[in-house]
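Readers should treat all values here as calculations from the given coordinates under stated rules, not as data from a laboratory. Keep in mind the model is a prediction, meaning the values are calculated, not measured. As a convention, Cβ positions derive from the backbone with ideal geometry for all residues, glycine included, and neighbour counts pool all protein chains shown.
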Protein chains: 2
Amino acid sequence: MKVVSTVAAMQRLALQWKAQGKTVALVPTLGYLHAGHVSLVERARKAVGKKGIVVVSIYVNPTQFAAGEDLSRYPRDLPRDKALCSKAGVDLVFVPTDSEMYPGKAEGSYSTYVSEVNLSKPMEGNSRPGHFRGVATIVAKLLNIVSPDIAVFGAKDFQQAAIIQRMVKDLNFPVKILVAPTVREADGLAMSSRNKYLQGHLRTQALSLWQAIQAAKGTVKAATQPVDAARLKDYLRKFIEQQPDAKVDYVEFFDADTLQPTPTIGRGTQMALAVFIGNTRLIDNATL
Amino acid sequence: MKVVSTVAAMQRLALQWKAQGKTVALVPTLGYLHAGHVSLVERARKAVGKKGIVVVSIYVNPTQFAAGEDLSRYPRDLPRDKALCSKAGVDLVFVPTDSEMYPGKAEGSYSTYVSEVNLSKPMEGNSRPGHFRGVATIVAKLLNIVSPDIAVFGAKDFQQAAIIQRMVKDLNFPVKILVAPTVREADGLAMSSRNKYLQGHLRTQALSLWQAIQAAKGTVKAATQPVDAARLKDYLRKFIEQQPDAKVDYVEFFDADTLQPTPTIGRGTQMALAVFIGNTRLIDNATL
């Protein structure tokens, strides 16, 4: 497994692969890899085949963290990540530094951003100002650096996946976006690097996101008429906040394509939620 | 000479060229081509060689026109443009429609933009709100559609060239940007598709931009100490507005790299100006 840390070396390799007719898949990550990431790598391998190239990028992108968020304490363990990638059959790990990705940013000579201006407004966009501008910008950069034929994202970040698909379509990036299903712990908790923060009783309380999704699914399944979104939101908020350290940021029901909130809920309505468990902000989502 | 009008067909060809190891140069234009554009084509050919591919895109990009500008009346003559390109040895003309470039824009389902946020602020950015966001967005799209190794822009749009170079660097587009010198009419007027608007005495008055540049050059050449920018601006404004139909939008002296205004002027200072001649807004620039 190759490890590349400069943009120039990565772009040279990408050019060689193109000339050799290799199919390339990129799995962009923030590192601190878990079974969810491994499933993205497996999806990438399935897409490009044995002769194709699977690239994992590991970069804690500062521009997607809002002020006051956990950028400085975001978990990092590069040796472990490399071992996991190697074991998962990754061909190349791209691990750039901040000065490689945003040269001159401190001095104001980095100044270009990609913004999606509709789908980015609600939910995560509302709670995390600038987050999706940072995500769209870093993904655009990675697409230009790795020139993949395919890029794989996780369904846990539902809104992110929608925005990246929109960006790729709008800006005509010559890449196919695949979205792979959320991988969960045995008890239902969605895999996340931030689960590392959940010690002791917080880990138990974190299950309330999954339980809320199950409750919503059950409600829709049992309903004989459309379910009122406002009432179900209110109910789920109270349900989750029965946990002493849980604070709901949002519970939202919306159309999966437009991300527009729906006043009533039925089969196919998309649900997403963000909850603080202690200081740790968790997200999850499901199609009802 | 090939003529391609869909994004999908253009991207298929780009992929084939990559696989064949062809070097590709793109000359993005708004059409209504003149000798300035032909010089960009010549620069592109020189860069890629006889075996390389020169692509000219012709597209009046709506997102770079501010409200109330001349989008609807911008001059168009596709048959003439094609003939000029063919004669200039262009290999392919890419002529997309609005619905091809911004599908769903009227219904709000186009929503991604590229913004350069520093160099875009003064001069054209100040006078034409949203202009450079439109320029950066369409250039990003064209780079993703044509995947050129080289893209050629004209020095007449000095600020635009600076912003595109910054965008390409910041977002890591794998392309080399070349900036080719401004081509002028025999009397010094910079070539522009908008010169078509200049009838009769307006054409004569339009020469005042070039004359102001010559005056500034002469002042710097003659000066024994640094020239005060504010005073020279004031002088040039009055000089230009001696023409009855001339109204100065801005005259600016600045650092060629940062575009920061300079309080004093010397050799190497960059000058740019925008002047309305009747209803026609003209720009020009020079290194002093």
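Every other copy gets compared here: list the nm distances from the A:ARG184 label point (7 Å along Cα to Cβ) to its counterparts, shortest first, one decimal.
Relative to the other copies, A:ARG184 has label-point distances of 7.2 nm.
Using DSSP to define loop residues, name the trypsin sites (Lys or Arg not before Pro) in segment A:70-123 whose beta-carbon has at most 15 other beta-carbon atoms within 10 Å.
A:ARG73, A:ARG76, A:LYS105
For segment A:1-39 and segment A:79-139, compute the distance between their C-alpha centroids and round to whole Å.
What the calculation gives is 14 Å, centre to centre.
Angle between the Cα long axis of helix A:78-87 and the longest principal axis of chain A, 0 to 90 degrees, nearest 10?
Between the helix axis and the principal axis of chain A, the angle is about 80 degrees.
Give, rounded to the nearest 20 debye, the magnitude of the charge dipole that segment B:144-288 has about its Cα centre when Lys and Arg contribute +1 at Cβ and Asp and Glu contribute -1 at Cβ.
Roughly 180 debye, rounded to the nearest 20.
Taking the alpha carbon gyration tensor of segment B:1-129, what are the square roots of 5 times its eigenvalues, largest first, to the nearest whole Å?
Value: 27, 18, 16 Å, ordered largest first.
Over the alpha-carbon set of segment B:120-161, divide Rg by the Kirkwood Rh and report the Rg/Rh ratio to two decimals.
Computed over Cα atoms, the ratio is 1.02.
Hey, if you put +1 on the Cβ of every Lys and Arg and -1 on every Asp and Glu Cβ in chain A, which of A:LEU288, A:GLY21, A:PHE94 ends up farthest toward the positive end of that dipole?
A:GLY21
So in the protein assembly as shown, what percent of DSSP beta bridges are antiparallel if you round to the nearest 5?
Antiparallel bridges make up about 55 percent of those DSSP assigns within the protein assembly as shown.
Compute the projected area of the convex hull of the Cα atoms of segment B:102-197, averaged over all viewing directions, and report it in nm² to one decimal place.
Mean projected area for segment B:102-197: 7.9 nm², to one decimal.
Out of the DSSP beta bridges found with both residues in chain A, what percent are antiparallel (nearest 5)?
The answer is about 50 percent antiparallel.
Restricting to segment B:1-131, what percent of DSSP beta bridges are antiparallel, rounded to 5?
Percentage antiparallel, nearest 5: 0.
Counting only helical runs of four or more DSSP H residues, what would the 222 nm mean residue ellipticity of the protein assembly as shown come to if each run contributes -39,500 (n - 2.57) and the total is spread over all its residues?
Per the formula, -11000 deg cm²/dmol.
Taking the Cα centre of chain B as origin and charging only Cβ (+1 Lys, Arg; -1 Asp, Glu), how large is the dipole, in debye to the nearest 20?
780
Mind running the shape call on segment A:10-52? Use the C-alpha gyration tensor, a ≥ b ≥ c as the square roots of the eigenvalues: rounded below 1.5 for a/c, prolate if a/b tops b/c, oblate otherwise.
oblate
Using a cut-off of 10 Å between beta-carbons, work out the net charge of the residues near B:THR112 (Lys and Arg +1, Asp and Glu -1, B:THR112 not included).
Net local charge, B:THR112 excluded: +1.
Based on a Kirkwood Rh over C-alpha pairs, give the Stokes-Einstein translational diffusion coefficient of the protein assembly as shown at 37 °C and viscosity 0.692 mPa s in µm²/s.
124
At 37 °C and 0.692 mPa s, what whole-number value in µm²/s does Stokes-Einstein give for the translational diffusion of chain B, with Rh from the Kirkwood sum over Cα pairs?
Value of D from the Cα-based Kirkwood radius: 164 µm²/s.
Cβ under 11 Å from A:PHE132's Cβ, A:PHE132 left aside: what net charge do those residues give with Lys, Arg +1 and Asp, Glu -1?
Taking every Cβ under 11 Å from that of A:PHE132, the sum is +1.
Measure nothing but the geometry: give the 0 to 90° angle between the long axis through the Cα atoms of B:35-48 and the longest principal axis through the Cα atoms of chain B, rounded to 10°.
50
Once you have the Kirkwood Rh of segment A:193-287 from its Cα pairs, apply Stokes-Einstein at 10 °C and 1.306 mPa s and quote D in µm²/s.
Translational diffusion coefficient: 117 µm²/s.
Could you tell me how many degrees, from 0 to 90 and to the nearest 10, lie between the Cα long axis of helix A:7-19 and the main elongation axis, the longest principal axis, of the Cα atoms of chain A?
So the helix axis and the longest Cα principal axis differ by about 80 degrees.
Mind pulling up the Rg/Rh value for segment B:223-273? Radius of gyration and Kirkwood radius, both on Cα.
1.01
Explain nothing, just the number: dipole magnitude of the protein assembly as shown about its Cα centre with +1 on each Lys and Arg Cβ and -1 on each Asp and Glu Cβ, in debye rounded to the nearest 20.
1540
Residues with beta-carbon under 10 Å from that of A:LEU15, excluding A:LEU15: net charge, scoring Lys, Arg +1 and Asp, Glu -1?
Summing Lys/Arg as +1 and Asp/Glu as -1 gives +2.
For A:VAL24, which sequence-distant residues (separation of 5 or more, or a different chain) have an amide H within less than 5 Å of its own amide H, given hydrogens modelled in the peptide plane?
Amide H to amide H, under 5 Å and 5 or more residues apart or across chains, A:VAL24 pairs with A:ILE53, A:ASP149, A:ILE150.
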